[in-house]
Amino acid sequence: MDVELIAPVLAKYRETGGNLISILQAAQDAYGYLSHELLLYIAKETGIKPAKIIGVATFYTQFRMKPVGKNLILLCQGTACHVNGSGAIEDAIKAETGVIEGEITPDGLFTYNNVACLGCCSLAPVMMINGETYGSLTPETTRQIIKDIKNSG
C-alpha cells in the first residue's frame with residue numbers, strides 16, 4: 001500500500017478530533033475503496049481504535065470496502081424509482097454489463113450498486129454514474145447510456 005496518498009490527509013487532521021469521516025472520504029477518493037489494511041493504517045496513525053474506524057466505514061453506505069470498476073453505477077431503489085420501474089432498469093444494467101450487483105465487469109469498466117435513494121424523485125427511475133445523474137430511464141435508454149460509456153473508453 002502506498003501510504004503517500006493518505007499522508008497529507010492524516011497530517012492535516014492529526015491535531016484535530018472529529019474528522020474520521022473526512023479522513024475516510026479522502027482515503028476512499030485516493031485509493032478507490034477502503035481496504036482492511038488501509039483502515040488499520042489509519043487507526044495506527046490517528047490513534048483511533050480500529051473497531052471504531054471499521055464500524056464507521058461499514059455503517060455509512062458511502063464507503064466501499066472492496067474495489068469497484070472504473071464506472072460506478074448507483075441505481076436508485078427508493079419508492080418513486082421502484083414504482084416507476086427501477087426493477088426493469090436493474091435488469092437492463094445486468095444485461096448490458098453482464099454482472100450482478102456489487103461485482104466488477106471482467107474488463108474493469110463497471111460496477112453497479114443499488115442505493116436507497118438518490119434524492120431525484122422527480123426524475124424516477126434514476127441512476128448515477130460517476131456522479132452524473134441520468135433520469136426518466138427506460139431499459140432502452142439505460143442500455144444506450146452504458147454502451148456509450150463502453151464506446152468512449
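The values are calculated or read from the model by the stated rules, or taken from the named source; none is laboratory data. None of the values given here were measured: they were computed from a predicted structure. Virtual Cβ from ideal backbone geometry, glycine too; neighbours counted across all protein chains shown.
Summary of computed values
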{"item": "Selection status of Glu90, in a helix (DSSP H, G or I), over 23 Å from Asn130 (Cα atoms) and out of contact with any helix residue (DSSP H, G or I) (no Cβ under 7 Å at 6 or more places or on another chain)", "result": "no"}
{"item": "Where a residue in the range 46-72 is assigned by TED's automatic domain parsing to the domain that holds Tyr31 and loosely packed, with under 15 Cβ neighbours inside 10 Å and its partner, wherever it lies, is of a type in the set (A, V, I, L, M, F, W, C) and in a helix (DSSP H, G or I), with Cβ under 6 Å and at least six apart", "result": "Pro50/Leu40; Pro50/Ala43"}
{"item": "Criterion violated by Leu123 - all others in (1) among the hydrophobic types (A, V, I, L, M, F, W, C); (2) farther than 21 Å from Tyr31 by Cβ; (3) under 19 Å from the mean Cα position of the chain (by Cα) satisfied", "result": "(3)"}
{"item": "Residue match in the range 59-79 (condition: under 30 Å from Leu20 (Cβ atoms) and part of a helix (DSSP H, G or I))", "result": "yes"}
{"item": "Residue match in the range 102-114 (condition: among the hydrophobic types (A, V, I, L, M, F, W, C) and touching a Pro at 6+ places or on another chain (Cβ under 8 Å))", "result": "yes"}
{"item": "Within the range 74-89, considering residues that are within 20 Å of the chain's Cα centre (by Cα) and of a type in the set (Gly, Ala, Ser), the one surrounded by the most Cβ atoms within 10 Å (Cβ to Cβ)", "result": "Ser86"}
{"item": "Residues that are among the small types (Gly, Ala, Ser), surrounded by 10 or more Cβ atoms within 10 Å (Cβ to Cβ) and free of Cβ contacts under 8 Å to residues at least 24 places away in the same chain, drawn from the range 124-153", "result": "Gly135, Ser136"}
{"item": "Which numbered condition Gly32 misses (of (1) within 22 Å of the chain's Cα centre (by Cα); (2) at negative phi)", "result": "(2)"}
{"item": "Qualifying residues in the range 21-58 (those that are small (Gly, Ala, Ser) and either over 20 Å from Ala11 (Cβ atoms) or touching a Pro at 6+ places or on another chain (Cβ under 9 Å) (or both)) - the one modelled with the lowest pLDDT", "result": "Gly32"}
{"item": "Close pairs from the range 12-35: first in contact (Cβ under 8 Å) with a residue 60 or more places away in the chain, partner surrounded by 13 or more Cβ atoms within 10 Å (Cβ to Cβ) and aliphatic (A, V, I, L, M), Cβ under 7 Å, at least 6 apart", "result": "none"}
{"item": "Tabulated pairs, the range 100-123, first under 18 Å from Asp148 (Cβ atoms) and touching a residue at least 12 places away in the same chain (Cβ under 8 Å), second of a type in the set (S, T, N, Q) and crowded, with 16+ Cβ neighbours inside 10 Å, C-beta under 7 angstrom, 6+ apart or interchain", "result": "Thr105/Thr97; Leu109/Asn71; Phe110/Asn71; Phe110/Thr97; Tyr112/Thr97"}
